[in-house]
Amino acid sequence: RVVLQYRDVRKLYGDFVALSGVSMEVERGQVVCLIGPSGSGKSTLLRCTNALETLDGGELLFDGVPLPRDPASIRKVRQRMGMVFQNFELFPHKTAIQNVMMGPSTVLGLSEQQSRARAEALLVKVGLSDKAGNYPANLSGGQQQRVAIARALAMEPEVMLFDEPTSALDPETIGEVLNVMKALADDGMTMVVVTHEMTFARRVADHVVVFESGQIIEQGPPAQIFDAP
Ligand code: ADP
Ligand code: ADP
């Protein structure tokens, strides 16, 4: 079943064509990696996906339905997509567990007890149960990013969007984040991942999409993309 379908997507910034003719799809349970040089439009496509940007042409269907344009419907759609950014963007004055509990309690309206239980389980899942009381400043970059992943998962999203999740990390903590992402993929999560980690793309992706200058120049299974003669 197709979760995200992009048909001839076009995005402009003024006269600048950030995306054109972008057609691809993401099936349920797939990991799709977006690769290509910096400035080729990968983040723009992610921001269009969760309606942080509007399209200037073409169509983007989520679960068969075009993305809405009114703020209330956009909020609802966004709740069904988890987003993880390059720079974590945790709330600095909240502990790890408070960061993870916030969505369930304030957006989903779960009780304090339910939110805490959900957050604790997710911190176990990302290997941080012993850091629940730490503030972001007292966590490594890799640990902060794992909290950010737990926070996104706490909303029980149908799709996870990752925008260069390891690009801001020290080399020694990249692996722990990629391992959490791999485990999530193995659990069957539908994921769209912008990354420069070619080993991850080769090993974990079901489908790789190569961008250049706002266009898709190639897409297919990793074997086809990486092992072509
Ligand atoms: P990538 O994620 O592949 O590095 P981006 O999607 O971030 O690429 O950017 C694609 C191009 O669009 C770049 O040239 C970038 O400078 C430009 N761009 C991105 N956001 C904006 C914006 N808000 N206004 C103008 N240009 C932008
Ligand atoms: P990345 O390529 O890692 O996604 P960028 O540095 O291109 O990050 O973009 C960071 C932010 O700056 C984004 O919110 C993007 O929309 C904005 N931005 C990028 N390029 C431009 C630009 N040429 N003009 C205005 N805003 C831009």
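Numbers for the structure displayed
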| quantity | calculated |
| --- | --- |
| Accessible-area value, Asp227, 1.4 Å probe, nucleic acids and ligands omitted, Å² | 90 |
| Heavy-atom surface of segment 71-194, accessible at 1.4 Å and reported per residue (Å²) | 46 |
| The chain, accessible surface, carbon-and-sulfur percent (1.4 angstrom probe) | 48 |
| Nearest-10 value in Å² for the accessible area of Val2, using the 1.4 Å probe | 50 |
| Between helix 171-186 and the chain: long-axis angle, C-alpha atoms, 0 to 90°, nearest 10 | 80 |
| Helix 141-153 vs. the chain, principal-axis angle (Cα, 0 to 90°, nearest 10) | 80 |
| Top positive-direction residue, dipole computed over segment 4-140 with Cβ charges, set Ile35, Asn50, Gln114 | Gln114 |
| Max mean-square fluctuation residue, GNM over the chain, Cα-Cα springs under 10 Å, options Met81, Met189, Met198 | Met198 |
| Computed lengthening from Val65 to Ser140, 0.36 nm per intervening residue step minus Cα-Cα distance | 23.1 nm |
| Helix-only CD estimate at 222 nm, as mean residue ellipticity for the chain, using -39500 (n - 2.57) per DSSP H run (n ≥ 4) | -10500 deg cm²/dmol |
| Simple Cβ-charge dipole of the chain, Lys/Arg +1 and Asp/Glu -1, about Cα centre, in debye nearest 20 | 600 |
| Using distinct alpha-carbon pairs, which all enter the 1/r mean, Kirkwood radius of the chain in Å | 18.1 |
| Euclidean distance of C-alpha centroids, segment 122-155 and segment 42-99, integer Å | 20 |
| Of Gly141, His207, Ala185, farthest towards positive along the dipole that unit charges on Lys, Arg, Asp, Glu beta carbons give segment 108-229 | Gly141 |
| Relative contact order, percent, segment 136-217 [alpha-carbon distance under 8 Å, six or more residues apart] | 31 |
| Bridge type composition, the chain - antiparallel percent by DSSP, nearest 5 | 55 |
| Normalised contact order of the chain, rounded percent, pairs of Cα under 8 Å and 6 or more residues apart | 28 |
| Protection-proxy order for peptides 11-18, 98-105, 48-55, each taking the mean of Cβ atoms within 10 Å per residue, highest first | 98-105, 48-55, 11-18 |
| Inter-label distance for Leu52 and Arg7, nm, one decimal - labels placed 7 Å from Cα along Cα-to-Cβ | 2.6 |
| Taking the C-alpha atoms of segment 94-160, convex hull volume expressed per residue in Å³ | 75 |
| Segments 33-43, 147-157, 216-226, 126-136 sorted - mean Cβ within 10 Å per residue, highest first | 147-157, 33-43, 126-136, 216-226 |
| Solvent exposure ordering (accessible area, 1.4 Å, most first) of Arg47, Arg146 | Arg47, Arg146 |
| Rough spin-label spacing in nm, given labels placed 7 Å along Cα→Cβ, for Met198 and Glu112 | 5.2 |
| Cα-Cα over 30 Å, subset of Lys42/Lys131; Lys94/Lys125; Lys11/Lys125; Lys42/Lys125 | Lys42/Lys131; Lys11/Lys125 |
| Rg [Å, one decimal], Dmax [Å, integer] - segment 149-224, C-alpha atoms | 12.9, 35 |
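The values are calculated or read from the model by the stated rules, or taken from the named source; none is laboratory data. Predicted model, so just to flag it, every value in this text is computed and none were measured. All Cβ positions, glycine included, derive from the backbone under ideal geometry; neighbour counts span all protein chains shown. The area values use the complete protein model at the heavy-atom level, side chains included, leaving out ligands, DNA and RNA. Shrake-Rupley method; radii C 1.70, N 1.55, O 1.52, S 1.80 Å.
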